[in-house]
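Everything below concerns the one structure shown next.
Where a number appears in this text, it was derived from the coordinates with a stated rule and is not lab data. Note that this is a predicted model, so its numbers are computed, not measured. Here the Cβ positions follow ideal geometry from the backbone for every residue, glycine too, while neighbour counts run over all protein chains shown.
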Amino acid sequence: MYKIGILNFTKVLSTGGGFHYIMSLLEGLKKDKKFHLHVFYDDINFENKFNGTNSFERIYIGEHENIFPKIIRGGSTYFGIKSPLLGRYEKIKKMEMDLLISFGSNIGFQLEVPTISFIGDVMYRYYPNLPEYSRNGNLIRDISTRKLLKYSDYVVVDSNENAEDLISFFNVKADKLIPIPMCAPPHIYQYKNLPEKEVDEICDKYKLPENFIFYPAQFWSHKNHKRLVKAIHLLKIKYNTTVDAVFAGAEWQNYGNVVELINELGMNDQIKCLGYIPEKDLVALYKKAVALVFASFAEYTNLPVLEAMVLGTPVLCSNKFSMPQQLGCAGLLFDPFDVDDIAEKILEVWNDKEIRVELREKGFERTKELSVENFIGNWTKVILKTIEKN
């Protein structure tokens, strides 16, 4: 049995897609008797979520660390030197992992453990001036990504385009990059068959209208809420069609700007911003929604499209990067920078039940290819390949 360490620095209540990606990986790998999983985490909410679960080890390594070992370790990694100051990571070294799976940390180099890293995207290279990217310094992002690519045995990405960008931007060898398409996270399947009565009760709790479009996304600029708001407003003034909308997601940097625009356009009665909502409630809203409208302009692929297709919700999606390839023919695409195009695609689905039924069926078909089994099967191959290599 191989001891596999998963380094989880995502936050249960605010990280969103990153956390759910790890949950998919964890749920799948824990069923494989070849692996003994150890999850190293720094968010106490993670322990609360899995309280009573004994299918994998959970090791809390502390949320805060003295700045001195961090600086020394960071400098050592930059210059390719091993540091004796491991700080909170000393626990991992003592447990002698056969493999470490890392989401953004270069600590595998310091621990001298074979490492597979995951890089979700390098969108800061396309949109360097967006506050969500520039606030932490794009130079630091670049250095971190370069070192991650250098010191990892393999790097998993979500799409071929992601891999191509890493090759183009960082001159990494193609055989180090492993594209693995994402799957819908565990809670989607857990609540997939939620009874209609319970769905209605949850929607009533939030005082939602009978019909609405749904957009679950954290309030960052690249999620493009403002253009979606303008598209909904355009439907009202140009097409005399009132479309209600529900936004759900952590209230990050752009939340105030979105709410301000909603108020300016007098759309408080049409658009509800619910903030973070529990997973069960999220599924209920998907199941009730007329359609998912995924408006982001800065993703290779995304989880909400997968979630919607699994739950039978018609999908409207941005046509940027690899999102058209992820969706296939199972939804309608729009230009996320074109308010008219967004409005027209919403109108098409809002007014035509036959199109909604067709998209629902195509979504079910598409998720057969983007299944949990395929996701875990591909990850298992790269894990075993890395262990055998070392």
> Among the chymotrypsin sites (Phe, Trp or Tyr not before Pro) within the stretch 259-359, which fall in a DSSP loop and have no more than 16 other Cβ atoms within 10 Å of their own Cβ?
Replying inline: Tyr276, Phe337
>> Beyond a 22 Å Cα-Cα separation, which of these cross-linked pairs lie in this structure: Lys33/Lys176; Lys176/Lys389; Lys94/Lys176?
In response: Lys33/Lys176; Lys94/Lys176
> Using a basic spin-label model with each label point 7 Å from the Cα along Cα→Cβ, how many nm lie between Glu210 and Val357?
Replying inline: 1.9 nm
>> What do you get for the angle between helix 160-170 and the principal long axis of the chain? Use alpha-carbon atoms, 0 to 90 degrees, nearest ten.
In response: 50 degrees
> Which distance in nm do the two modelled labels at Asn374 and Tyr239 give, with both placed 7 Å along the Cα-to-Cβ direction?
Replying inline: 3.1 nm
> For the Cα atoms of the chain, what angle does the longest principal axis make with the long axis of helix 17-29, in degrees from 0 to 90, nearest 10?
Replying inline: 60 degrees
> If each of Asn129 and Asp341 carries a label point 7 Å out from its Cα toward its Cβ, how far apart are those two points in nm?
Replying inline: 2.1 nm
> Which shape class applies to the stretch 186-369: rounded if a/c is under 1.5, otherwise prolate when a/b exceeds b/c and oblate if not, where a ≥ b ≥ c are the square roots of the Cα gyration tensor eigenvalues?
Replying inline: rounded
> At what distance in angstrom do the alpha carbon centres of the stretch 127-153 and the stretch 283-330 lie from each other?
Replying inline: 27 Å
> Highest GNM mean-square fluctuation, the chain, Cα pairs closer than 10 Å: which of Val246, Val349, Val357?
Replying inline: Val357
> So which trypsin sites (Lys or Arg not before Pro) in the stretch 106-177 end up in coil per DSSP with only 15 or fewer other C-beta atoms within 10 Å?
Replying inline: Arg135, Lys173
> Can you tell which of Asn224, Asn106, Asn193 shows the greatest fluctuation in a Gaussian network model of the chain with Cα springs below 10 Å?
Replying inline: Asn193
> Counting other Cβ atoms within 10 Å of each Cβ, which GluC sites (Glu not before Pro) in the stretch 184-216 have at most 12 and sit in a DSSP loop?
Replying inline: Glu210
> So which aspartates and glutamates pass the test for Lys345, namely a Cα distance under 17 Å, with those fewer than 8 places away in the same chain ruled out?
Replying inline: Asp244, Asp335, Glu354, Glu358
>> Can you compute the equivalent ellipsoid semi-axes for the chain, i.e. the square root of 5 times each eigenvalue of the Cα gyration tensor, sorted largest first and rounded to whole Å?
In response: 38, 23, 20
> Against the longest principal axis of the chain, how steep is helix 279-288, in degrees 0 to 90 to the nearest 10, with axes from Cα atoms?
Replying inline: 30 degrees
>> Checking the table Lys320/Lys385; Lys91/Lys150; Lys30/Lys197; Lys34/Lys197; Lys226/Lys381 against a 30 Å threshold on Cα-Cα, which pairs fail?
In response: Lys320/Lys385; Lys30/Lys197; Lys34/Lys197; Lys226/Lys381
> Excluding same-chain residues fewer than 8 positions from Lys93, which aspartates and glutamates have a Cα within less than 17 Å of its Cα?
Replying inline: Asp42, Glu57, Glu65, Glu112
